[in-house]
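We did not get these values from a lab; they are worked out from the coordinates using the rules stated. Just so it is clear, the structure is predicted and the values come from calculations on it, not from any experiment. As a convention, Cβ positions derive from the backbone with ideal geometry for all residues, glycine included, and neighbour counts pool all protein chains shown.
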Amino acid sequence: MFIPNHLHLLVKGEIKISTTSTEELNVWLTELVHRVGMEVLNGPHSVYCDHEGNEGITGTVVLSTSHASIHIWDAPDPKQFQFDIYSCKSFSPESVLTHIDERFDLVGCTWQLIDRNGDKFVVVAEG
């Protein structure tokens with residue numbers, strides 16, 4: 001029987017490599033889902049925004065256990081990103097960070113893993 005474990009990982013940081021390809025980002029999101037042992041329920045869906053000052057790509061994927069999303073601003077140097085994954089299935093923040101680094105060459109980041117199981121949100125790990 002599946003027992004939910006409500007975990008939410010929030011990451012923001014800088015990367016050396018970006019993409020403007022929605023297809024590439026969709027492949028990366030699908031690989032991420034498999035890497036953390038989850039299942040795609042819908043998507044992924046990605047779109048590039050060319051609005052001045054907000055140039056970048058956003059991708060989302062619906063998991064059978066919730067969702068993951070990323071936005072990469074490609075104008076700054078280094079590029080900036082925000083990422084989150086929320087799931088009722090346990091996962092390793094390190095595996096997510098490694099997946100980000102392998103594709104986008106992580107310069108640095110801050111992150112929090114939030115336990116959303118009780119009445120209050122609890123930060124259980126950060127880096």
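So how tilted is helix 93-104 from the main axis of the chain? Cα-based, degrees 0 to 90, rounded to 10. Tilt relative to the chain: about 20 degrees. Relative to the longest principal axis of the Cα atoms of the chain, the long axis of helix 22-35 makes an angle of roughly 30 degrees. Helical runs assigned H by DSSP (4 residues or longer) give the chain a calculated mean residue ellipticity at 222 nm of -6500 deg cm²/dmol, each run adding -39500 (n - 2.57) before division by the residue total. Using only Cα atoms, locate the centre of segment 51-69 and the centre of segment 96-127, then give the distance between them in Å, rounded to an integer. Measuring centre to centre over Cα atoms gives 16 Å. With 0.36 nm allotted per residue and the present C-alpha distance subtracted, the Tyr48-Glu102 stretch has 17.3 nm of extension available. Across Thr110, Thr19, Thr30, mean-square fluctuation computed from a Gaussian network of the chain (C-alpha pairs under 10 Å connected) peaks at Thr110.
Taking GluC sites (Glu not before Pro) as exposed when DSSP calls them loop and at most 12 other C-beta atoms lie within 10 angstrom, the chain has its longest site-free stretch at 53-127. On the beta carbon distance between Lys120 and Leu41, with R0 = 22 Å, the FRET formula returns roughly 0.20. Backbone geometry of segment 69-81 corresponds, through the Karplus equation with coefficients 6.51, -1.76 and 1.60 at θ = phi - 60°, to 3J(HN,Hα) couplings of 8, 8, 10, 10, 8, 9, 6, x, 10, x, 5, 10, 8 Hz, x marking Gly and Pro. What would the Debye equation give as log₁₀ I(q)/I(0) for segment 33-86 at q = 0.13, 0.27, 0.28 Å⁻¹, counting only Cα atoms as equal point scatterers? Values, matching the q order: -0.36, -0.99, -1.03.
Quick note on the chain: its Rg to Rh ratio, both from C-alpha atoms and Rh being the Kirkwood radius, is 0.97.
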